[in-house]
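Please read the structure below before turning to the comments.
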Amino acid sequence: MRPLYFTSLSFAALLCAACSSQPPATWGYMDAKERANLPPDQAYPELFEAVQNNQLFTDQKHFVDALPTRAPSKIRAEYLARRDNSDFDLETFVKDNFIESGAAQSPAPKPGAPIQEHIDSLWPVLSRTYRQVPPYSSLLPLPQPYVVPGGRFREMYYWDSYFTMLGLEQSGDQAQVRQMTDNFAYMIDTYGHIPNGNRTYYLSRSQPPFFAYMVQLQAHIEGDQACGRYLPQLQKEYAYWMQGAEGLKPGAAAQHVVKLVDGSVLNRYWVARSTPRQESWLQDVKTAEQASNRPRQEVWRDLRAGAESGWDFSSRWLGDGQNLATIRTTSIVPVDLNSLLYHLERTIAKACETVQNTPCVQAYGQRADRRQRAIEQHLWNADAGFYVDYDWQQHRQRPQLTAATLFPLYTGLASADHANR
């Protein structure tokens with residue numbers, strides 16, 4: 001296993017190469033509500049698998065970001081009709097029917113320039129505006145400009161963006177902080193949740209719920225009225241993470257919700273689809289092949305859930321702590337996710353206070369109190385003196401010490417005694 005690290009930390013992303021330029025203005029466009037949002041593995045599944053299996057591109061993400069030049073149904077029909085012909089060439093077919101992802105730009109810093117100056121110079125290079133997108137693109141349109149990490153990451157990502165927004169605020173660009181917050185609110189309204197990134201193939205999963213922190217940042221800039229403005233979206237995101245809680249029996253789980261044997265309600269990472277990730281398709285297929293004692297779909301769901309966690313991949317999620325094929329993310333109640341949802345509950349209560357909705361303040365305050373008690377009871381390792389994850393299927397704490405142990409301190413839920421330890 002590689003050492004534990006986050007794959008796309010925004011500070012590092014700022015220093016990496018920027019992504020490709022905007023598409024030609026001559027292309028036609030369609031907005032989010034006009035498109036079918038079929039990811040590539042569903043739009044042309046046979047062609048998709050052939051390209052990924054044959055490793056036509058060294059990066060499996062490259063093809064899913066490529067732009068079809070005509071209707072995917074027509075490309076699929078022609079591929080199925082021609083693929084068995086003796087003169088058929090897969091690489092040529094792809095070149096004839098897709099526009100590849102653009103090459104990365106590499107703006108070099110001025111020799112001796114301060115790091116702040118270099119970062120400030122990258123904001124416009126990494127900014128994108130896609131209120132509309134080309135037909136059949138895997139990119140999802142957004143109403144406001146946004147910042148992308150750069151390099152192979154040509155789209156906006158969820159939890160990375162909060163730290164990007166902290167950088168924007170430090171650079172004095174408060175307008176773009178508001179624009180990005182509005183983009184995330186738009187995605188909640190449009191898709192029912194914030195996807196991993198603004199691509200069709202990311203729609204099946206979210207990421208660590210930092211939207212409440214984005215709203216908090218905006219409130220720091222303009223005042224508490226920002227909390228009230230985003231209250232509907234805060235509540236919608238909360239409903240996404242809590243879907244399935246109603247009527248759940250002790251010792252059972254449904255979607256992102258887990259009810260422990262004692263009735264405590266906590267959350268886990270979970271993804272609706274149980275197929276290989278499109279952007280890492282071949283790697284996921286091979287990983288599932290190594291898990292001979294488990295259904296492939298189970299492994300793929302746990303891989304997707306690991307990607308939703310943002311810790312993709314860490315030994316934290318592995319059954320044996322060594323091999324990726326033993327991943328069991330959906331069996332684990334993570335301390336960081338539940339700390340963030342505690343903060344979301346507190347933020348909603350604060351937003352309800354700004355609009356003078358007392359019953360709402362009380363309801364979400366009580367939910368936060370219950371979650372805090374459950375975290376302190378089940379995720380605090382009294383012997384070791386730090387917070388851990390909990391295996392809800394095996395009814396025991398996981399012993400690993402990870403960076404996630406700091407989240408109860410970060411979100412302010414830790415008791416004074418536990419924080420001191």
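Could you check Asp389 against (1) of a type in the set (Asp, Glu); (2) in contact with a helix residue (DSSP H, G or I) (Cβ under 6 Å, 6 or more places away or on another chain); (3) farther than 12 Å from Leu266 by Cβ and say which number it fails?
All conditions are met except number (3).
Identify all residues within the stretch 263-278 that are part of a loop (DSSP other than H, G, I, E, B) and in contact (Cβ under 8 Å) with a residue 24 or more places away in the chain; write none if there are none. I'd like the intermediate steps shown before the answer.
Filtering the stretch 263-278 for residues part of a loop (DSSP other than H, G, I, E, B) gives 263-264, 268-277.
If the condition is that a residue be part of a loop (DSSP other than H, G, I, E, B) and in contact (Cβ under 8 Å) with a residue 24 or more places away in the chain, then Ser264, Arg268, Tyr269, Trp270, Val271, Ala272, Arg273, Ser274, Thr275, Pro276, Arg277 are the ones that fit.
Looking at Trp281 and the list (1) more than 26 Å from Gln60 (Cβ to Cβ); (2) assigned to a helix (DSSP H, G or I); (3) of a type outside the set (Asp, Glu), which single condition is not satisfied?
Going through the list (1) more than 26 Å from Gln60 (Cβ to Cβ); (2) assigned to a helix (DSSP H, G or I); (3) of a type outside the set (Asp, Glu), Trp281 breaks only (1).
Which condition from (1) more than 24 Å from Tyr387 (Cα to Cα); (2) of a type in the set (Ser, Thr, Tyr); (3) touching an Asp or Glu at 6+ places or on another chain (Cβ under 8 Å) is the one that Thr287 breaks?
Failed condition: (3).
Can you pull out the residues in the stretch 201-213 that are surrounded by 24 or more Cβ atoms within 10 Å (Cβ to Cβ) and assigned to a helix (DSSP H, G or I)?
Tyr201, Tyr202, Phe211, Ala212
Is the stretch 229-238 home to any residue that is buried (at least 18 other Cβ atoms within 10 Å of the Cβ), in a loop (DSSP other than H, G, I, E, B) and either of a type outside the set (A, V, I, L, M) or touching a Leu at 6+ places or on another chain (Cβ under 6 Å) (or both)?
There is at least one residue in the stretch 229-238 that is buried (at least 18 other Cβ atoms within 10 Å of the Cβ), in a loop (DSSP other than H, G, I, E, B) and either of a type outside the set (A, V, I, L, M) or touching a Leu at 6+ places or on another chain (Cβ under 6 Å) (or both).
So how many residues does the stretch 345-403 have that are open to solvent by less than 60 Å² (accessible area, probe 1.4 Å) and either acidic (Asp, Glu) or in contact with a Gly (Cβ under 7 Å, 6 or more places away or on another chain) (or both)?
Residues meeting the conditions: 8.
So which residues in the stretch 80-97 are under 16 Å from Phe48 (Cβ atoms) and among the β-branched types (Val, Ile, Thr)?
Val94
Does Arg304 satisfy the condition of being assigned to a helix (DSSP H, G or I), open to solvent by less than 10 Å² (accessible area, probe 1.4 Å) and not aliphatic (A, V, I, L, M)? Spell out how you get there, then give the answer.
Numbers: assigned to a helix (DSSP H, G or I): yes; open to solvent by less than 10 Å² (accessible area, probe 1.4 Å): yes; not aliphatic (A, V, I, L, M): yes.
For Arg304, the condition - assigned to a helix (DSSP H, G or I), open to solvent by less than 10 Å² (accessible area, probe 1.4 Å) and not aliphatic (A, V, I, L, M) - is met.
Report every pair of residues separated by at least 6 positions or lying on different chains whose Cβ atoms are under 9 Å apart, first residue within the stretch 65-78 and more than 23 Å from Met156 (Cα to Cα), second open to solvent by 20 Å² or more (accessible area, probe 1.4 Å) and β-branched (Val, Ile, Thr).
Note: pairs meeting the criteria are Thr69/Ile99; Ile75/Thr69.
Please specify each residue of the stretch 316-329 satisfying the condition of being open to solvent by 20 Å² or more (accessible area, probe 1.4 Å) and within 19 Å of the chain's Cα centre (by Cα). Give the steps one after another, and end with the answer.
First, the residues of the stretch 316-329 that are open to solvent by 20 Å² or more (accessible area, probe 1.4 Å): 319-324, 326, 328.
Hit for the stretch 316-329 is Arg328, nothing else.
Within the stretch 239-263, how many residues are more than 29 Å from Arg178 (Cβ to Cβ) and either acidic (Asp, Glu) or open to solvent by less than 20 Å² (accessible area, probe 1.4 Å) (or both)?
Count: 5.
Please find, among Ser86, Ser73, Ser121, Ser137, the residue that is surrounded by 15 or more Cβ atoms within 10 Å (Cβ to Cβ) and among the polar types (S, T, N, Q). Step through it out loud before you land on a result.
Numbers: Ser86 fails: surrounded by 15 or more Cβ atoms within 10 Å (Cβ to Cβ); Ser73 fails: surrounded by 15 or more Cβ atoms within 10 Å (Cβ to Cβ); Ser121 fails: surrounded by 15 or more Cβ atoms within 10 Å (Cβ to Cβ).
On inspection, the qualifying residue turns out to be Ser137.
Answer yes or no: is there a residue in the stretch 336-343 that is outside any helix (DSSP H, G or I) and open to solvent by 10 Å² or more (accessible area, probe 1.4 Å).
At the first step, the residues of the stretch 336-343 found to be outside any helix (DSSP H, G or I) are none.
No, every residue in the stretch 336-343 fails to be outside any helix (DSSP H, G or I) and open to solvent by 10 Å² or more (accessible area, probe 1.4 Å).
Here's a check for you: in the stretch 165-195, which residue that is of a type in the set (S, T, N, Q) and surrounded by fewer than 24 Cβ atoms within 10 Å (Cβ to Cβ) is nearest to the chain's Cα centre (by Cα)?
Asn183
The values are calculated or read from the model by the stated rules, or taken from the named source; none is laboratory data. Treat the numbers as computed from the prediction; the structure is a model and nothing was measured. Backbone-built Cβ (ideal geometry, glycine too); neighbour counts: all protein chains shown. Side chains are part of the model used for accessible areas, which takes the heavy atoms of the whole protein and leaves out ligands, DNA and RNA. Shrake-Rupley method; radii C 1.70, N 1.55, O 1.52, S 1.80 Å.
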